[in-house]
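Structure first, commentary second.
Where a number appears in this text, it was derived from the coordinates with a stated rule and is not lab data. This structure is a prediction, so every number in the text was calculated from the model and none was measured.
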Amino acid sequence: MMTIIGMTWKELLRKRVLLLTFFMTLVFLLAFWFVADTLGERLGRGEPADPTSMSHLIELYQIGAITLSLGFFFGAFVIAFLSIFSSFSTVAGEAEQGVLQAMLPRPLARWRWYMGRWIGYVSLGAGYAAFLFIAILLITKIHSSIPGDFVSLLKSFLLFASVVPMLVSVSMLGSCVFSAIGNGVFMTMLFGAGWLGGMIEKVTSTMQLENNTTLKPLHLIAGLMSLAMPADSIQQRMLAEMFSLAELQSLVRINNLGPLGLGEIPSNAFLIYAACYTAAALAAGLLLFRRKDF
């Protein structure tokens, strides 16, 4: 299995997927640096008489939260598309090129090949997620402040990186069913549907649904989209954990930020659903791959 994992890493390097991703990441981080600097300048315009005053600390916290929300809003897209486009042609693409026909007749169990690929994609994606997570935190720390303590930041990272195995599992499952191009289109549309559902939930959560019968079906549809692809909802829970929103919701306002807001914070039950969703996609992909004819 280690051979398959190493082969996966080398393949991504050979195809320059990682090199292109890191180049675009540097461009993104450079732009984020200027955005964080612009937001951080607001703290220096009106120096408070007491830098330890409650109003100044709340403003410091709020600007840091807005900066992080902006950074992770775009960072989530980078992680998602790296996970999708590194794995969308795993089975179908290699079957079309004849790679699988050459490898599978050897004394190698199919589940080992599949899991080796899965671990390779997930390990690289999680490592990249750690790099991006730390970079966004450091830039925010330099220009304003990082809300949260070590425990909340650790929980946030685990949620941020958990999107990688989810998307890789679904992408590899789709590769067992669709062609390489078809699976790429399918995964992009599925992720887009989950993102759209999250945006609708953020808008409708600020309105009075009890007195608006028109918005109730829209809110229901948004919930179904989030169930079909929970990635964006996990992102909302990640930010809520980072900001310790349950304890500080009465002091700061970071929910009314349009697409950067949090909307309804997913519950622990939803996180269990997302874990089962990932495990089910991985198990279904393994089963289909073992029974697939090449």
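Convex hull over the alpha-carbon atoms of region 115-191: what's its volume per residue in Å³?
Details: hull volume 8.4 nm³, N = 77.
Enclosed volume per residue, from the Cα hull, is 109 Å³.
Straight Cα distances below 20 angstrom link LYS216 to the lysines LYS202, with same-chain residues fewer than 8 positions distant left out.
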